[in-house]
Amino acid sequence: MDISKLKIWIITEGIAGTENQCIGVAEALGADADIKRISLNFPWNILSPPLLYSFSWSFRPTLSPPWPDLVIAAGRKSIAASHYIKRQSQGKTMTVQLQDPRISPAHFDLVAVPHHDRLRGDNVIVTDGAPNRISQAHLETAKEEFRHLFEKLPSPRIAVLIGGNSKAYNMTDKVCSEIVRTLRAVRGSDKAGLMITTSRRTGEKYTQQIRDAMLTTDTYFWNGEGINPYMGMLAWADTIFVTNDSVSMMSDAATTGKPIYLLPLQAKTTLKTSSRLKTFQDHLWDSGACAEYSGTLEKWTYIPFQDSARVADTILSRLQYRMNGKTAQKIS
C-alpha cells in the first residue's frame, strides 16, 4: 500500500502538545497530513459528550468533501468533527482518536490511550505513554541544527525539562529550591553541562529563580526567544532530568532511550489526576527508564518507548484490512 497516495487529515483544537501527538503518528506513517484546527460553536462548546451534536453547524471551520481516507484526531473538541466526517463519508474514512474520548471507543475505528488510562476495548491500542515526534531521524537532524548551542558545553550533557502548575501538581518555593539544589549537585559532582528549559506553567517567578541560580558558562538556559531548541536538547543529552507533572515530557524523554531522573513537584493528592500520573510514573519505573538520583550520574539502558510507531503500525494494518474488504482483527 502506497501511504503517500492517501488523503490524511489531522484534527485538533490547536493545543500544541495534543497536535504534536497526531503529527508524530502521521510522521511515523511516513505520510503528509493536512491540519484542521477545530473550535466548537455555542452551545456545543459547553455540552458533553460532543458526539451527540456532530453536525456541520456544531463546529468551525466548515469541513467539506472530498473526505480523507484517514483522520487522526485528539482532544475533546475534535470528536464532533471526526464523527461528522465518518458519517458523511458513510464510513469510508478511517477515524483514529488519540487520548481517551470519554465516550465508547466503538464510535471510532481505532482509539489509542496511554497505559495509565483505564479505557480498553477491541479497537483500543494501549501505548506506554503519549505519542510524539521524537525519532532517530529528528534527533540526528536536531543535533546538527543546534550544534552551535550545545557542542561546547561540558560532557556529560544533561537536558533539564521543567514543567509546573497543573491539575495534579504545584510548583512551590520548596520545590523550586530542591530542583536548584539537585541541579547544582549534578553540575558540581559530575562536572556536567546543563541544558535547561522551563514552560509557561513554571511561571515567571520560578523561571527567573532557576535561571538566576543556574546560569553560568557551563549551563544553557532557553529564554523562550527564537527557535525552540527542545529537540536539540534531547539530541545532545546524555541524561535527562524531567519534572513529573507532564506525561508528554516524560514520554518524550523515554522515547529517546536515555537515562531519566524525575524531579518531583508537589502533588495535589486529593485529585484523581494525581493517581493517574502516579500510575504512569510507576510504569516508567517498571520499564527501566528511571532511577533515583543519589549524587552521581549513572548509565543504563532500556527499551525506548515507540508509541507513535506502534499506533502507525496498527493503522497501516487496519487500512490494509479495509482495502482487502476484511474486518479488522481484535488488537492483542
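Restricting attention to the range 100-129, which residues are farther than 15 Å from LEU70 by Cβ, surrounded by 21 or more Cβ atoms within 10 Å (Cβ to Cβ) and in contact with a Gly (Cβ under 8 Å, 6 or more places away or on another chain)?
PRO114
Scanning for something part of a strand (DSSP E or B), more than 16 Å from the chain's Cα centre (by Cα), among the hydrophobic types (A, V, I, L, M, F, W, C) and at pLDDT 95 or above, does the range 72-93 turn up at least one residue? Walk me through how you get there before you give the answer.
First pass over the range 72-93, keeping only residues part of a strand (DSSP E or B): 72-74.
Narrowing further to those that are more than 16 Å from the chain's Cα centre (by Cα): none.
Looking through the range 72-93, none of the residues is part of a strand (DSSP E or B), more than 16 Å from the chain's Cα centre (by Cα), among the hydrophobic types (A, V, I, L, M, F, W, C) and at pLDDT 95 or above.
Just wondering, is there one or more residues in the range 291-302 that are buried (at least 21 other Cβ atoms within 10 Å of the Cβ) and aromatic (Phe, Trp, Tyr)?
no
Of the numbered conditions (1) of a type in the set (A, V, I, L, M, F, W, C); (2) more than 23 Å from the chain's Cα centre (by Cα); (3) part of a loop (DSSP other than H, G, I, E, B), TRP57 satisfies every one except a single condition; which is it?
Just one mismatch for TRP57, condition (3).
Using beta carbons and a limit of 9 Å, which pairs, at least six apart or on different chains, have the first residue in the range 190-206 and over 17 Å from VAL175 (Cβ atoms) and in a loop (DSSP other than H, G, I, E, B) and the second one modelled with pLDDT of 95 or more and charged (D, E, K, R)?
Qualifying pairs under 9 Å: ALA192/ARG157; ALA192/ASP238.
Only residues that are among the small types (Gly, Ala, Ser) and either surrounded by fewer than 14 Cβ atoms within 10 Å (Cβ to Cβ) or not assigned by TED's automatic domain parsing to the domain that holds TRP222 (or both): list them for the range 186-199, please.
Hits for the range 186-199 are GLY188, SER189.
Kindly check whether there is at least one residue in the range 262-275 that is of a type outside the set (A, V, I, L, M) and buried (at least 18 other Cβ atoms within 10 Å of the Cβ).
Taking the range 262-275 as the starting set, the residues that turn out to be of a type outside the set (A, V, I, L, M) are 264, 266, 268-270, 272-275.
Next, only the ones that are buried (at least 18 other Cβ atoms within 10 Å of the Cβ) stay: none.
Checking the range 262-275: not a single residue is of a type outside the set (A, V, I, L, M) and buried (at least 18 other Cβ atoms within 10 Å of the Cβ).
The values are calculated or read from the model by the stated rules, or taken from the named source; none is laboratory data. Predicted, not measured: the structure shown is a model, and the values here were computed from it. So basically every Cβ, Gly included, is an ideal-geometry build from the backbone, and we count neighbours across all protein chains shown.
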